[in-house]
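Every number in this text was worked out from the coordinates using simple rules, so none of it is lab data. Remember, predicted model here, so these are calculated numbers, not experimental data. Counting neighbours? That spans all protein chains shown, and the Cβs are built from the backbone with ideal geometry, glycine included.
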Amino acid sequence: MKILIAGGGTGGHIYPVVSIAKTFIKNGVEVVLVGRKNSKEENIYKAHKLCTRTIESAALEFSPKKFSKFVRKASIGIKEAYRTLREENIDAVIGAGGYVSAPIVFAAITKNIPVFLYEQNIVPGRANRLFAKKSKKIFMGFPNIYGFFDGGKTVFTGNPIRKKIVNIKRKDALNFFKFDDKPTLLVLGGSGGAKKINDTFSNIIKKLLFKSRNIQIIFITGERDYRVITKKNKTLSPRVKIISYLEEAEYAIGAANFAVSRAGAMTLTELTRRGVPGIIIPYPHARDNHQEKNALFLKSKGCIDLIKESTLSENMLLNKIIYYLTHPDIIKTMKNNTEGIFPENSEEIMYNKVRSEINE
């Protein structure tokens, strides 16, 4: 069996594809990954020594100038998709989100190649909605509680995450930051950072350290805001580590007892699978407000607190963090509530479903 997986864009789309690909390969399947030319996903896929091909693609925009660019790139991408499918002799395609998946999935459907979709968020993206009816199965990172897809096609797999996230020992994670075994707060806004969270939290760090003498902080800012934040906080205690980006995310998540975070699908999955509760502040401009809906699902399980960005203030965030840090029993209950929310073997579920469908 030879499978093509198309997906890319943000780290949240790329790293699950790597995990899925490696699981299929481990089970004896040939895998070809497809991303955009000269893209982040192309570099990451090749860094993992995975068979990689590229095609043109562009986001669908409706302004005259951008729409003409979309039409031009999409037409090239579809031609390249047909050529890739023909040359690689593919048995099935997995569309893993991001607009790079659309040309490949479209071409596969017209050639009667079985198509599977993978959706990370609780609210699906446009490409997956467009092709859902023609797919064999739809693998979902969150349950299909809003009914966007035919329930007979959906499989709640959860989102594949790096095994190190759940396997790393807390002691090793703390040692990475030269921290002691004390309450540790992780603050992050996703791979690109989050300006509102960064600005709000950077203004309360000193107050937080004064009010909670025992706390340790890992603050991942993203590249954009890193210099401004470090300049503002030059003389902080060794109990605070301000980092622009951390490839080895398992150390930060493995060290944390509590988090302040955006609500991207992968971030929430990693935190929940690791048993790290937190205060979640969804990005308000995410398409279809999907981050807030991701967070509302976890809030219903009792493992996070949710703050809308429109109501966020320095005093609110400071008081909430202090409240949770001074109530370890509540953090423990929230941590316990993370158990069993997401499946632990997402990639294996996907592999077994694809194999059974192809072999029918």
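Modelled this way, with points 7 Å down the Cα-to-C-beta line, the labels at Asn167 and Tyr323 are 3.9 nm from one another.
Exposure proxy for Arg227, Arg129: other Cβ atoms within 10 Å of each Cβ, ordered fewest to most, give Arg227, Arg129. Near Lys171: Cβ cut-off under 12 Å, other residues only, Lys/Arg at +1 and Asp/Glu at -1. The net charge is -1. Length gained on full extension, Lys332 to Asn289, computed as 0.36 nm times the residue gap minus the Cα-Cα distance: 12.5 nm. Of the residues Val31, Val93, Val100, Val71, the one with the fewest other Cβ atoms within 10 Å heads the list, and the complete ranking is Val71, Val31, Val93, Val100. In plain terms, the bigger the Kirkwood radius, the slower the diffusion; for segment 1-93, with that radius from Cα pairs, at 37 °C and 0.692 mPa s, Stokes-Einstein puts D at 237 µm²/s. According to the calculation over all Cα-Cα pairs in the chain, the P(r) per 20 Å bin from zero is 29, 54, 16, 0 %.
Other residues lying with their Cβ under 15 Å from the Cβ of Thr326 contribute a combined charge of +4, Lys and Arg counting +1, Asp and Glu -1.
For segment 164-337, taking the reciprocal of the average inverse distance between every pair of different Cα atoms yields a Kirkwood hydrodynamic radius of 15.9 Å. Close amide H contacts of Thr52 (hydrogens built in the peptide plane, cut-off under 5 Å, sequence separation of 5 or more or a different chain): Leu33. Helix 223-232 axis versus longest C-alpha principal axis of the chain: approximately 10°, rounded to the nearest ten.
Students often check this: by mean Cβ neighbours within 10 Å, which of 51-57, 326-332 ranks highest, and how do the rest follow? Before the final figure, lay out each step's value.
Numbers: 51-57: 20.6, 326-332: 12.6.
The densest-packed peptide leads the list: 51-57, 326-332.
Only helices enter this figure: runs of n ≥ 4 DSSP H residues, each worth -39500 (n - 2.57), summed and divided by the residues of the chain, yield -13500 deg cm²/dmol at 222 nm to the nearest 500.
Return Leu174, Leu33 ranked ascending by Cβ neighbour count within 10 Å, so the fewest neighbours appear first. List each step's numbers first, then the result.
Values: Leu174 19, Leu33 28.
Fewest-to-most ranking of Leu174, Leu33: Leu174, Leu33.
Database remark: amide H of Arg162 closer than 5 angstrom to no amide H (H placed geometrically; neighbours at sequence offset of 5 or more, or on other chains; Pro and chain starts carry no H). Checking the Cα-Cα distances for Lys134/Lys335; Lys211/Lys299; Lys2/Lys133 against a 29 Å cut-off, the pairs over it are Lys134/Lys335.
All other residues with a Cβ under 13 Å from the Cβ of Gly35 taken together, and with Lys, Arg as +1 and Asp, Glu as -1, what is their net charge? Result for the neighbourhood of Gly35: +1.
Between Lys206 and Arg355, what is 0.36 nm times their sequence separation minus the Cα-Cα distance? Round to one decimal in nm.
Full extension from Lys206 to Arg355 adds 48.2 nm.
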